[in-house]
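In what follows, a structure is listed as structure tokens, so that the remarks can point back to it.
The values are calculated or read from the model by the stated rules, or taken from the named source; none is laboratory data. Not measured: the values here are computed from a predicted model. Note that we place each Cβ from the backbone using ideal geometry, even for glycine, and neighbour counts take in every protein chain shown. Just so you know, the surface numbers come from the protein's heavy atoms only, side chains and all, with ligands and any DNA or RNA stripped out. Shrake-Rupley method; radii C 1.70, N 1.55, O 1.52, S 1.80 Å.
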Amino acid sequence: MALFPVQPQNSIPQPKMPSPENGQKHPLSRADLDRTRNLVGKVRARFARTLVGQDNLRDSLIVTLVAAGHILIESVPGLAKTTAAQTLATSVSGSFKRVQCTPDLMPSDLVGTQVFDFSAQKFTTIIGPIHANFVLLDEINRSNAKTQSAMLEAMSEGNTTIGGERIALPKPFMAIATQNPIEEEGTYNLPEAQMDRFMMKSQMTYPTADEEQRMLHMLAERGSDTPDFRHPEHDDTISIADVEFLRSASRRVHISDSIVDYAVDLVATSRGAGKHPIQGLSSLVRLGASPRASIALVRIAQANALIAGRDYVIPEDVKLFAHEVLRHRILLTFEALADDVSSDQVIDSMLQAVPVP
């Protein structure tokens, strides 16, 4: 016997689930788009004074900042990885810390530790450099596994643990990591779980002859090989509140169900599934992208649309940064590595196989 009267199924009110189509409560206004253009223009102006070329890296850094993610920058030495990261970090009037990763760097050197105060007869918590709005982890692959694990907690959970006490990181928080792909001695490869925490992985290339000449002229005019990030004569710094505005505004950018399906299909294709599977992909890819990749594609697309002055996402917003979002999330087989197949080539085939909505 039923204890409660059973209602017909069609009479039970069903909660309306938010979707990308109807989940926006406050659409973006023209004033919001104008403010975004002004703020992004200030950041780009600072890049123009400190960096020559590397427009792709500049755009990747700005989009990742707006999308509330973390970025990994990879290149050979001397291509201004650190300069680019410092330029972005110092363009915001928040706290900035730089950590030079070495094999003997311990987790306590990064997150902080507890020191016994004999005068007060109690432990005092001293926070480490990870507690900043922007943290540059220079040559992250030189840090050991324990330290990388501490970085993982900070990046994924937004807090650290010191002596059993959980301490929240300041908001906004962004980790900018660099690594050198050609050095192997004294390095520790980042595990897949750590790589997956980075929203994007940007790879820098050598500058053109014209860009290198412009760089030398800029150094001659500046009179120093190292840029001065203060620039008191220029009003090119945005506030923490501005960053929070950009991040909240990007989440309000309209994205249709068809574009969401496109992002999901791209990621599923990397796993050998999806609506448009690629024949022979299993011989090249041993592990495809996780659902974090589809989340990153959507967030990056919304951020790029906002920066472009639109309140809606188009398929090109997804395609533009697909390589940066997916290249570190696709693990290749030994056969693919032996045949000198790169993850970027696999992504190219995915973009060709999945039709644009």
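Using the beta-carbon distance between residue 308 and residue 119 and R0 = 51 Å, what value does 1/(1 + (r/R0)^6) give for FRET efficiency, to the nearest 0.05?
The value I calculate is 0.35.
Using only the alpha-carbon atoms, what does region 245-356 span along each of its principal axes? Please give whole angstrom values in decreasing order.
46, 24, 19
Over all distinct Cα pairs, what is the inverse of the mean 1/r for the chain, reported as the Kirkwood hydrodynamic radius in Å?
About 22.4 Å, per the Kirkwood formula over Cα pairs.
Pick out which of 124, 83, 113 has the largest mean-square fluctuation in a Gaussian network model of the chain, springs linking Cα atoms closer than 10 Å.
Of 124, 83, 113, the Gaussian network model singles out 124 as fluctuating most.
State the answer as a single residue: which of 79, 204, 128 lies farthest towards the positive end of the charge dipole of the chain, with beta carbon charges of +1 for Lys and Arg and -1 for Asp and Glu, about the Cα centre.
128
Keeping all protein chains in place, calculate the accessible area per residue for region 255-338 (probe 1.4 angstrom), answer in Å².
43
Any idea of residue 344's accessible area? Nearest 10 Å², probe 1.4 Å.
For residue 344, solvent-accessible area is about 40 Å².
Can you work out the Karplus-derived ³J(HN,Hα) for every residue in region 282-287? Use 6.51 cos²θ - 1.76 cosθ + 1.60 with θ = phi - 60°, whole Hz, and x for glycine or proline.
5, 7, 10, 10, 9, 8
Per residue, how much accessible area does region 67-142 have with a 1.4 Å probe, in Å²?
40
Can you list which of the DSSP-assigned H helices in the chain have a Cα extent of 27 Å or more along the long axis and an average Kyte-Doolittle score of at least 0.0?
none
Around residue 100, under 9 Å between beta carbons, what's the net of Lys plus Arg minus Asp minus Glu among the other residues?
Charge balance near residue 100 sits at 0.
Could you check how much of the accessible area of the chain is carbon and sulfur, as a whole percent, using a 1.4 Å probe?
54
Output ³J(HN,Hα) for region 318-333: one whole-Hz value per residue in order, computed from phi by the Karplus curve 6.51 cos²θ - 1.76 cosθ + 1.60 with θ = phi - 60°, and x for Gly and Pro.
Values per residue, Gly and Pro as x: 6, 6, 4, 10, 5, 5, 5, 7, 9, 5, 8, 9, 10, 9, 8, 7 Hz.
Using only the alpha-carbon atoms of region 115-201 as identical scatterers, what base-10 log of I(q)/I(0) does the Debye formula give at q = 0.15, 0.21 Å⁻¹?
After summing over all Cα pairs, the log10 values are -0.63, -1.04.
Counting only other residues whose beta carbon sits under 11 Å from that of residue 166, what net charge do I get with K and R as +1, D and E as -1?
-3
Leaving ligands, DNA and RNA out of it, work out the accessible area of residue 157 with a 1.4 Å probe and give it in Å² to the nearest 10.
My reading of the accessible area for residue 157 is about 100 Å².
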